[in-house]
Each structure stands twice: as structure tokens, then as C-alpha cells.
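> The structure follows.
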Amino acid sequence: MRIKPITRSVLASFAIIFASNGAWAQDVSSHHMDPTWPKPLPNNWKMGGVTGLAVDSNDNVWVYNRPNDLTALELRAEFSPPIAECCVRPPSMIHLDMSGNVIGSFDAPQGHGMDVDSEGFVYLGQDTVRKYDPRTGEIVAEVARTPEREGGGRVGLPPPMDLVPGRGTVGPVYRFLPRPPRPPQQADPAEEAREAAAVAAFRERYPPETPMIVGGLEEIRIIEEDNEMYVADNYLGGRVLIFDLDTFEFKRGWGAYGKPLAEISTDDADHDYTPNGPMAPDFVGHLTLNVSNDGLVYAADRRGNRIHVTTKEGDFLDEFVLAPETGGGGSTGGVAFSPDPGQQLLYISDRMNNKIWFINREDGQVFGEVGHMGENGGQFFGLHMIAVDSQGNIYTGEVDSFRVQRFVPADSPRGELLQQLADMP
């Protein structure tokens, strides 16, 4: 089912209130950014770009960040002696309580996507999924992956970096900036043919149904009631893969529209999407996912501006199209659910438009939005990750402005207090 575009003025007029068993009611388009959360980080740390976010069973928040995103301008306290009061690189994993205090941390290679189980083990997306003991930072287990990458590149954990104090990188935004024009170069048909042959050979060695991680990791979801782990890798635009939580053995998987893995196309044209154009027959790229309490899988194809709904067995049920005019990185990023027992709403993070969309899970209709591009509190620059706790607090992680924020329901005690402060002259 496709969603008709809704204008900002119409969205602003929404004030939809849901009630579930009389226990939960909330104006979904009304949340307040909580400026008291998180507290300042200890040890002079400055967070890097956020690439993973999870709320554990105690409503504490885990933040997976990229310390190597920090630039030299942000690391001047690493010099000996320091040449400024701030800052230094943090650990890649930071554990925060509901008050915003750091209650734990450990360092691990940077990656993308994460989840936490009820025993506190942390699952990180690197070139595969690795399970970590947060008390020691040691790897407990990992999912099998192919010994090579399409187009080359490293496989496995990187060697320890020889970090130079105070020397950072150019930052994550640099690679998204337009490059200066270059003189046109004549294509080399022979080189293009060699590259195409190499891609074809790789995809023949590792067909779409390959029962292990092939590409990079995008998302991880632990479903303990089924003893399963859902993983989205980025091979061929994205695949939904399910592994046994004890053995890490592959169990099943599917592609867009619930098609069997073997039917995913190896033709790049089938993974292409033009804004406001027809939906691609296969996933386009940057696939994330989440699983609802009633057993439905929501796979967000960010570059395809859509969310596919299937059963846990991959039977296709529906397609929600969101802001189909969005180009670049696309509109449908992370997927979270409202905290009511029926999880009536999807909360979707949108990196390109820098907002949270509230979507009715039954029919895909948009009911509201929060946020706008900017770097003030409550705004977003590179909204990437989203998670929700049992109280309905929304946590967001940004990959370009290097921060996490909390948004509390307007009708919660904290939300009402924040509204009173906002109304004060």
C-alpha cells in the first residue's frame, strides 16, 4: 500500500490520541526534547557518530558510536600537554541509565547496528555480527561470513589502530560533500569489462541464497521468545537473514516482497530507485528492520523510501511508501514501535529529512512528525538511529552531529513540566 504525500501544514494539524486498554494514551505528534538527558560524558569524552542504539530490559540505553569520526579540532585535550580543555576519544560502546549517567562502557571496533539481550550481552554489527560480554569487552561468538568482499576490502577485525594523540580524521560529512569537477576521462572499455566480470564472478561464487553474511551489517534484532536473531546485511541491496540465537546457525531469509533469497536479482538495475518513480523489485539499500510483538517483520528499505511488512516466515503482507520524493539516502531509516501493548504505531527515523515519522502500523498512514534539520536541541543533523523505552521515551542517535537525544511524551510528568518551562516568559 502506498501513502499519498501529506503536506507539512496538514501534518501539523494532527493531534491523534490512541488508547489501549485504558492504560496508554498519547498525542503521538507531541513530544518534548529533554535537555537534562544525557548528562555530560565523563573523562573528557566526546561522542562520535552514532551507528547503533538499543534500550535494554532495564530501560537503560546503549550507544554504539564511531570515535574515529572525531577531527583534530575535537581532540586537543589528547596532546601532552593538552592545548585545550577538551576533548578525548571515548570508548565505542557507552551505557547510559535513565537519568543520563554513564554506567558502563567498553571499546570494540567500530561498526553499524546493534542489540542487547536480556542477560546484557551486546551484539555488534561489524563485518559480521559479534556477541560481546560487556563486562570484559571480549567476543563470545560470531556469525559466519564469506572470506571476501565484493570489490575487495578487509574481512575480519581490523588490527589495533596506531592512534596519534590529537590527530583526528576529516569527519564523516566530508565523504558526502560534492567533489570538485575533474577533467572528463575517457572510459576504458577493457577495464570496465574486467570490473563487471569480477562482480559477476563474485555473485556466482556467493549467490543471493548464501547462508552467511556476505556484505556489511546494517541492523540486528534479538527475538528471545523465538531464540532467534534477525540480521540485515547489505548484499545485493539488502537481505533479511535469521539465525539461531544459541548456535548462530542460519535458519531462513528473504528479500523484497518476501521473495526467497534465491530469487533476489543479481542485476543492479533491479535494485535501482528514482525518487517518485516505481518501486524497485528488489531492495535498494540500507535495509533495517524490527519485529513487533504480534510477530510481524518491518523491513525499512531506506534508499527505496519504503517499509515492507512480512510474517516471521517471510510471507509478504504490505508495503508502506514514505516521502517517495526523497532522494539521496532516502526516508525510511530505523524502525521502532510505540510502547502500548498493541504497538499501534511505527516510529521511523528519517536521515535525509531529519525527522521522526509516526505511522499507523495497521495501514501505513502518517499521523505526525517530530523534528527538522538543524543542530539546536530537538532538531537533527544526520538522524540515524532510534529506540523507544517502556515509558514511551524516544531516543535518537545522529551520525553527523555526534549526539544522542531523548524525547519524552508531552502528557508524561516530565513532558508536562517541560511544557510549563516552555510557556514561561
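> Looking at region 131-154, is at least one residue assigned to a loop (DSSP other than H, G, I, E, B), within 30 Å of Ser80 (Cα to Cα), in contact with a helix residue (DSSP H, G or I) (Cβ under 9 Å, 6 or more places away or on another chain) and open to solvent by less than 80 Å² (accessible area, probe 1.4 Å)?
No, there is no match, as no residue in region 131-154 is assigned to a loop (DSSP other than H, G, I, E, B), within 30 Å of Ser80 (Cα to Cα), in contact with a helix residue (DSSP H, G or I) (Cβ under 9 Å, 6 or more places away or on another chain) and open to solvent by less than 80 Å² (accessible area, probe 1.4 Å).
> Does Asp107 satisfy the condition of being closer than 26 Å to Pro208 by Cβ and among the acidic types (Asp, Glu)? Before the answer, list the steps.
Working: closer than 26 Å to Pro208 by Cβ: no; among the acidic types (Asp, Glu): yes.
No.
> Look at region 243-268 and say how many of its residues are open to solvent by less than 70 Å² (accessible area, probe 1.4 Å) and either farther than 15 Å from Thr311 by Cα or part of a loop (DSSP other than H, G, I, E, B) (or both).
So in region 243-268, the residues open to solvent by less than 70 Å² (accessible area, probe 1.4 Å) come out as 243-245, 248, 250, 252-256, 258-262, 264-266.
Among the residues that remain, those that are also either farther than 15 Å from Thr311 by Cα or part of a loop (DSSP other than H, G, I, E, B) (or both) are: 243-245, 248, 250, 255, 259, 261-262, 264-266.
The total comes to 12.
> Hey, among the residues in region 318-346 that are of a type in the set (D, E, K, R) and out of contact with any Ser or Thr (no Cβ under 7 Å at 6 or more places or on another chain), which one's most open to solvent (accessible area, probe 1.4 Å)? Let's see the steps before the verdict.
In the first step, residues of region 318-346 are kept if they are of a type in the set (D, E, K, R); the result is 318-319, 325, 340.
Now drop any that are not out of contact with any Ser or Thr (no Cβ under 7 Å at 6 or more places or on another chain), which leaves 318-319, 325.
Values: Asp318: 34, Glu319: 16, Glu325: 98 Å².
Per the criteria, the residue is Glu325.
> Would you pick out the residues in region 285-297 that are in a loop (DSSP other than H, G, I, E, B), open to solvent by less than 30 Å² (accessible area, probe 1.4 Å) and at negative phi?
Listed by number, the list holds a single entry, Ser292.
> Does Glu204 satisfy the criteria of being open to solvent by 100 Å² or more (accessible area, probe 1.4 Å), under 23 Å from Asp268 (Cα atoms) and either outside any loop (DSSP other than H, G, I, E, B) or without any contact (Cβ under 8 Å) to a residue 12 or more places away in the chain (or both)? First the steps, then the outcome.
Numbers: open to solvent by 100 Å² or more (accessible area, probe 1.4 Å): yes; under 23 Å from Asp268 (Cα atoms): yes; either outside any loop (DSSP other than H, G, I, E, B) or without any contact (Cβ under 8 Å) to a residue 12 or more places away in the chain (or both): yes.
Here the answer is yes, as Glu204 does meet what is asked.
> Hey, does region 382-394 have a residue that's among the aliphatic types (A, V, I, L, M) and modelled with pLDDT under 95? Full working, then the answer.
Let us first name the residues in region 382-394 that are among the aliphatic types (A, V, I, L, M), namely 383, 385-388, 394.
Filter again for modelled with pLDDT under 95, leaving none.
Within region 382-394, none of the residues are among the aliphatic types (A, V, I, L, M) and modelled with pLDDT under 95.
> Among all residue pairs at least 6 apart or on different chains, which show Cβ distances below 8 Å where the first residue, located in region 407-425, is open to solvent by 100 Å² or more (accessible area, probe 1.4 Å) and the second is in a loop (DSSP other than H, G, I, E, B) and not aliphatic (A, V, I, L, M)?
Arg414/Asp34
> Check whether at least one residue in region 330-342 is assigned to a strand (DSSP E or B), at pLDDT 95 or above and more than 17 Å from the chain's Cα centre (by Cα), and report yes or no. Let's see the steps before the verdict.
Initially, region 330-342 is screened for residues assigned to a strand (DSSP E or B), giving 335-337.
Okay, now just the ones that are also at pLDDT 95 or above, so 335-337.
Now restrict to residues that are more than 17 Å from the chain's Cα centre (by Cα): none.
No, region 330-342 has no match at all.
> Could you list all residues from region 60-99 that are part of a loop (DSSP other than H, G, I, E, B), closer than 30 Å to Glu119 by Cα and out of contact with any Ser or Thr (no Cβ under 7 Å at 6 or more places or on another chain)? Walk me through how you get there before you give the answer.
Of region 60-99, the ones part of a loop (DSSP other than H, G, I, E, B) are 60, 70-71, 75, 79-87, 89-92, 97-99.
Then keep just the ones that are closer than 30 Å to Glu119 by Cα; that gives 60, 89-92, 97-99.
Within region 60-99, Asn60, Arg89, Pro90, Ser92, Asp97, Met98, Ser99 qualify.
Conditions (1) at pLDDT 95 or above; (2) under 22 Å from the mean Cα position of the chain (by Cα); (3) not aliphatic (A, V, I, L, M), marked per residue:
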| residue | (1), (2), (3) |
| --- | --- |
| Ala256 | yes, yes, no |
| Pro260 | yes, no, yes |
| Gly304 | yes, yes, yes |
| Glu319 | yes, yes, yes |
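The values are calculated or read from the model by the stated rules, or taken from the named source; none is laboratory data. Keep in mind that this is a model prediction, so the values were computed, not measured. Note: ideal-geometry Cβ built from the backbone for every residue, glycine included; neighbour counts use all protein chains shown. Quick note on the areas: whole protein, heavy atoms, side chains included, nothing else; ligands and nucleic acids left out. Shrake-Rupley method; radii C 1.70, N 1.55, O 1.52, S 1.80 Å.
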